[in-house]
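J.: Once you've had a glance at the structure underneath, I'll fire off some questions.
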Number of protein chains: 2
Amino acid sequence: MKTIFRSFFYLFILFHFSIAQDTDSTIIRSFFSQALSDDFALENLKFFAKETKGRLPASSQALKAIHFVQNIFEKMKLDSVYLQEVMVPDWRPGDAEYAAIHSKKLGEKKLNICPLGYAVGTGKNGITGRVVEIHHFDQLHDMGETLIQDRIVFFNRSMDRSVLNTMAAYSMAANQRVYGAIEASKLKAKGVIVRSLTTRLDDFPHTGVLRYKEDIKKIPAIAVSTNDAEILSSWLKEDPELSCKIITRCTTFPDKQSYNVIGEIKGNEYPDEIIVVGAHLDAWFNTEGAHDDAAGCVHVMEVVRLFKSLGINPKRTIRAVLFIDEEIMQTGARKYAEMVKLNEEKQLAAIESDRGGFAPKGFTIDASEEIFTKIVALQKYFIPYDIFKFVKGHSGVDIDPLKEFNVPLIGFLPECQRYFDYHHSENDTFGQVNFRELQMGSAAIASLVYLIDQYGL
Amino acid sequence: MKTIFRSFFYLFILFHFSIAQDTDSTIIRSFFSQALSDDFALENLKFFAKETKGRLPASSQALKAIHFVQNIFEKMKLDSVYLQEVMVPDWRPGDAEYAAIHSKKLGEKKLNICPLGYAVGTGKNGITGRVVEIHHFDQLHDMGETLIQDRIVFFNRSMDRSVLNTMAAYSMAANQRVYGAIEASKLKAKGVIVRSLTTRLDDFPHTGVLRYKEDIKKIPAIAVSTNDAEILSSWLKEDPELSCKIITRCTTFPDKQSYNVIGEIKGNEYPDEIIVVGAHLDAWFNTEGAHDDAAGCVHVMEVVRLFKSLGINPKRTIRAVLFIDEEIMQTGARKYAEMVKLNEEKQLAAIESDRGGFAPKGFTIDASEEIFTKIVALQKYFIPYDIFKFVKGHSGVDIDPLKEFNVPLIGFLPECQRYFDYHHSENDTFGQVNFRELQMGSAAIASLVYLIDQYGL
């Protein structure tokens, strides 16, 4: 009797489980179908790209983007929509920049350049100096002050094309942009030119943040397009005496108030357990920032829209967070983490989308072994959508401060082979985002949020 | 003793196997690194797109492409390079086409159109008639001759955006383009307008082949851009009396001689076992045909180039085949299959690339259960490159006739979400192909060829 009862019990469990799984699969399927059918995502992406181009953290464009999202969240009738105040850096690139090389032997050539983010300007007369090409910091240090003093240091290490993972290739080359000005200034260089971080040869300068250090003189720094980096390098071989003149008008003003935008669907069983989905609103001055990170913002907005439009009431609270100032100082990210700490909120998981609006491949997971295993177990739901990759890895800059509170962190991972064709450049436009690839991503993130909401972690 | 011996034997086998696997993994890794590092692929793609645009099977541009490939194969010092003669259809679109709608109520509007491939022309005075919008053949048949006679039938069924697999969505909508003229002509329609087969709303007309039937009158047929299909449809709702004038000047001339291009690396152990890698050289009149199928041609050329440049001597013969006339009559494909039959060649496997130059996802396999299982077992080598999908499915139009001889057929499967943004339209340009995505594909195909060569099937 007991055995029969137990068999029935197992059958019941099995049946129940398979029904649950079927329901889940159906809901996930509907996320994908719906995402591919509606035009909201494309309209929102277009607004970010075309109406708020160059939305630096303290800019009027960023404010426009903030109110745009707030307004959409309110129209969606989310359970709560609010702005979180954040003091952000007010760095401005200035209204013109110029760089040209002058060689007695080869003539003169204007370069395609732009200032690095957060760099100081050159002053109105600009700076002029001989140029030293450097590939690694070791090489710079070996040359020492006598050979570097009063020169302009030209960091020309390429992103390694043969590396499969473009994010890894970027990391391998990015230190010259981030720390080049510090290292060059230690040896009394006048300024810094950095080869744009892209695997392509083209004419777009790619900006990105640099860092300075207290007590080390802040020197101007610019990015040069890869084509012009090649030319500068070849000219230097023929005429090591050539000089470069650089004018940039960047200025940093006092911090300004801006906002993270937050919208929530309250959970109907465990409202205090919060699942965060985030991306960043700001973008560099020289770009529509379509992939970086308007696409991420659209993903986040689509997640809550899909839940609402499909009438799915989550058990836990789903919180969409559009962070301000990812690119410069990550003040939005830190401010958000402070709030979590202050309110002793339970964040069940945080997911960030900041790798572009390409077709989804999977998720990178930064969590305990136990939770990692639980998330990997969800992979089976994603196989029908060719989403296979659930691996350990970095999540995202905006949610990273939550690690302190042991929040499981997840990064959306799309197919990134073409990301650095666009990244931080004028080439990161609305037209470079494919609607279907973007929306496969929205649905993938919504599905993961749904599953975490259903089953906890 | 025997046990110890057996243990040693197993250890030896294990060791041997793991060395073999390591070597294979190293070689595969080198395919990827090399493919991403060299520029040949991009230069070749550019030549096809920019120098042989509109390379219809019988055109001078196709001949230029043929000799370009032949020349490159010869420069690679392949073991044999030859042209296989093929008589191909000489259909020409004519030097102008025009379509406009006229409504007494709404005015006049010119439409973005192009002839369907292989369609007859309208004659120099064109055709003019009232327009009937149709979504399904059933609807057409229900209307019958009285309502269709002398009308222009406007097939306006969209590709279903909510379908995940764009190839499937295409198949679901393509019958109106391929067979629309036959079905409309049966009911004495004057001509056919077909909504372009793309999920996007834009201004590009997308062509593609149609079929006629003996004994059924051949009527003119054009594709209209999706934006204009929407406009035509909305005008028809307001004014069902509106008329459309169409002029096309397509003509079919007698068949002409063209060629398949073949290049081989002879196997050093089993030269009579042939592994075919194929793609098609021709493209529609209105396009650079960058994704369809210059990208495939580049894949094929890269496979043999990678073997040569890495100094890998295959056991079996690797045969690169650039087919002519995939788009219209598949004469190249049939001619090739005839040769295989005539020479009683053993084709170990045939792989085709004709789904665009996007990032690789996997392969579709059309083979016996046993061989399918063997190919799926190779998947493990592809995991480091995020290539997971080894599934049953159609291979490619050019290698399909080999099925008769039980050749295992394999189709390269890239990420196709954006394929139909470009397919058969002016939008299929060089600039729409990303170098890294393209080359990940070249390396993936080379790797599969390598593994099949090493281990047979």
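J.: Assume the label is 7 Å from Cα along Cα to beta carbon: what separations in nm does A:K266 have to the matching positions in the other copies?
T.: Nearest to farthest, the other copies are at 8.1 nm.
J.: Continuing with this model, one more query. How long are the semi-axes of the equivalent ellipsoid of region A:213-262, defined as square roots of 5 times the Cα gyration tensor eigenvalues? Whole Å, largest first.
T.: Working: eigenvalues 247, 55, 20 Å².
Each semi-axis is √(5λ); the values are 35, 17, 10 Å.
J.: Another one. Hey, how many Å between the Cα centroid of region A:222-260 and the Cα centroid of region B:239-254?
T.: Distance between centres, Cα-based: 56 Å.
J.: Past the 36 angstrom mark, what percentage of all C-alpha to C-alpha distances in chain B do you count? List each step's numbers first, then the result.
T.: Details: 34325 of 104196 pairs.
In whole percent, the long-distance tail amounts to 33.
J.: So what's the back-of-envelope 222 nm ellipticity for chain A, counting only DSSP H runs of four-plus at -39500 (n - 2.57) apiece and dividing by all residues, rounded to 500? Don't skip to the answer; put the middle values down first.
T.: Working: 10 runs with 161 residues, N = 457.
-11500 deg cm²/dmol, from helical runs alone.
J.: Distance between the C-alpha centers of region A:140-181 and region A:87-114? Whole Å please.
T.: Computed from Cα coordinates, the inter-centre distance equals 18 Å.
J.: Using a cut-off of under 18 Å, list every residue of region A:39-66 whose amide N is near the label point 7 Å from the Cα of A:E74 along the Cα-to-beta-carbon line.
T.: Backbone N within reach: A:62-66.
J.: Let me ask something additional. Calculate log10 I(q)/I(0) of region A:201-320 for q = 0.23 Å⁻¹, where I(q) comes from the Debye formula with a single equal point scatterer on each Cα and nothing for solvent.
T.: -1.33
J.: Moving on. Amide H of A:V120: which non-local residues (sequence gap of 5 or more, or other chain) have their own amide H closer than 5 Å, using H built in the peptide plane?
T.: A:A221
J.: Got a sec to turn the phi values of region A:172-185 into Karplus ³J(HN,Hα) couplings, 6.51 cos²θ - 1.76 cosθ + 1.60 with θ = phi - 60°, whole Hz, x for Gly and Pro?
T.: Each residue's phi maps through the Karplus curve to give 5, 10, 6, 4, 5, 6, 6, 10, x, 5, 5, 5, 5, 5 Hz.
J.: Also, I was wondering about something else. Taking every residue in A:442-454, how many Cβ atoms of other protein chains lie within 10 Å of its Cβ, on average? List each step's numbers first, then the result.
T.: Values: counts 0, 1, 0, 0, 0, 0, 0, 0, 0, 0, 0, 0, 0.
Neighbouring Cβ atoms belonging to other protein chains average 0 per residue here.
J.: Return the lysines within reach of A:K188: Cα separation strictly under 21 angstrom, same-chain partners fewer than 8 residues apart disregarded; answer none if there are no such residues.
T.: A:K124, A:K213, A:K217, A:K218, A:K245
J.: Which trypsin sites (Lys or Arg not before Pro) in region B:14-86 sit in a loop by DSSP (not H, G, I, E or B) and have at most 10 other Cβ atoms within 10 Å of their own Cβ?
T.: Passing sites in region B:14-86 are B:K77.
J.: Seen from all sides and averaged, what is the projected area of the convex hull of the Cα atoms in region B:291-350, in nm²?
T.: Details: hull surface 19.5 nm².
Averaging across all directions leaves 4.9 nm² for the Cα convex hull.
J.: Return an integer: the convex hull volume of the alpha-carbon atoms of region A:317-415, in Å³ per residue. Don't skip to the end; give the middle numbers.
T.: Values: hull volume 10.4 nm³, N = 99.
Convex hull volume per residue, Cα atoms: 105 Å³.
J.: When only Cα pairs under 8 Å and 6 or more residues apart are kept, what is the percent relative contact order across chain A? Before the final figure, lay out the partial values.
T.: On the way: 1054 pairs, mean separation 95.2, N = 457.
About 21 percent, as a whole number.
J.: Still on this structure: Between region A:291-368 and region A:379-430, what is the separation of their alpha carbon centroids in Å?
T.: Answer, in whole Å: 11.
J.: Given label points at 7 Å from Cα along Cα→Cβ, what nm distances, shortest first, separate A:A377 from the same residue in every other copy?
T.: Distances to the matching label points in the other copies: 3.2 nm.
J.: Have a look at region A:97-213 and give its Rg and Dmax from the Cα atoms, expressed in angstrom.
T.: For region A:97-213, the Cα-based Rg and Dmax read 14.3, 43 Å.
J.: Step through the residues of region B:395-403 one at a time and calculate ³J(HN,Hα) from phi using the Karplus curve (6.51 cos²θ - 1.76 cosθ + 1.60, θ = phi - 60°), rounding each to whole Hz and writing x for Gly and Pro.
T.: So the J values, rounded to whole Hz, are 9, x, 5, 6, 9, 3, x, 6, 4.
J.: Could you derive backbone 3J(HN,Hα) for region B:21-38 from the dihedral phi with the Karplus parameters 6.51, -1.76 and 1.60 (θ = phi - 60°), listing whole Hz in sequence and x where the residue is Gly or Pro?
T.: With the stated coefficients, region B:21-38 comes to 5, 4, 4, 4, 4, 5, 5, 4, 4, 5, 4, 5, 4, 5, 4, 7, 9, 8 Hz.
J.: Near the axis that takes chain A to chain B, which A residue has its beta carbon closest, and at how many Å?
T.: Closest to the axis: A:F388, 2.
J.: Based on the alpha-carbon gyration tensor of the protein assembly as shown and its eigenvalue square roots a ≥ b ≥ c, which shape applies: rounded if a/c is under 1.5, prolate if not and a/b is larger than b/c, or oblate?
T.: Working: a/c = 1.35, a/b = 1.27, b/c = 1.06.
Note, shape of the protein assembly as shown comes out rounded.
J.: Placing unit charges on C-beta atoms (Lys and Arg positive, Asp and Glu negative, everything else neutral), compute the dipole magnitude of chain B about its Cα centre in debye, rounded to 20.
T.: Working: 53 positive and 60 negative charges, 51 e Å.
The calculated dipole for chain B is roughly 240 debye.
J.: Now for a different question. In peptide A:347-356, how many Cβ atoms from other protein chains are near each Cβ within 10 Å, on average? All intermediate terms of the calculation are to be shown ahead of the outcome.
T.: Numbers: counts 0, 0, 0, 0, 0, 0, 0, 0, 0, 0.
That works out to 0 on average.
J.: Could you give the longest part of chain A that holds none of the GluC sites (Glu not before Pro) found in DSSP loops with at most 13 neighbouring Cβ atoms within 10 Å? Don't jump to the answer; show the numbers that get you there.
T.: Working: sites that count: A:E214, A:E241, A:E269, A:E344.
Between exposed loop sites, the widest span is A:1-213.
J.: Between B:H136 and the same site in the other copies, what are the distances in nm, shortest first, taking label points 7 Å from Cα along the C-beta direction?
T.: 6.7
J.: Going by amide H atoms built from the backbone, whose H comes under 5 Å of the H on A:E133, apart from near neighbours?
T.: Result for A:E133 returns A:F154.
J.: Past 27 Å, Cα to Cα, is the threshold; run A:K46/A:K341; B:K77/B:K335; A:K64/A:K308 against it and keep the listed order. Kindly include the intermediate steps, with their values, before the conclusion.
T.: On the way: A:K46/A:K341 35 Å; B:K77/B:K335 25 Å; A:K64/A:K308 24 Å.
Correct reply: A:K46/A:K341.
J.: To continue, here is another question. Can you give the convex hull volume per residue for the Cα atoms of region B:170-223, as a whole number of Å³?
T.: That works out to 75 Å³ per residue.
J.: Still on this structure, please answer the following. B:K361's amide H: which non-local residues (gap 5+, or another chain) put their own amide H closer than 5 Å, with H modeled 1.01 Å from N in plane and none for Pro or chain starts?
T.: HN-HN under 5 Å from B:K361: B:L413, B:E415.
Bear in mind that the values in this text are calculations on the coordinates, not laboratory data. This one's a predicted model, so the numbers in the text were calculated from it and none came from an experiment. Neighbour counts run over all protein chains shown; Cβ positions are idealised from the backbone, glycine included.
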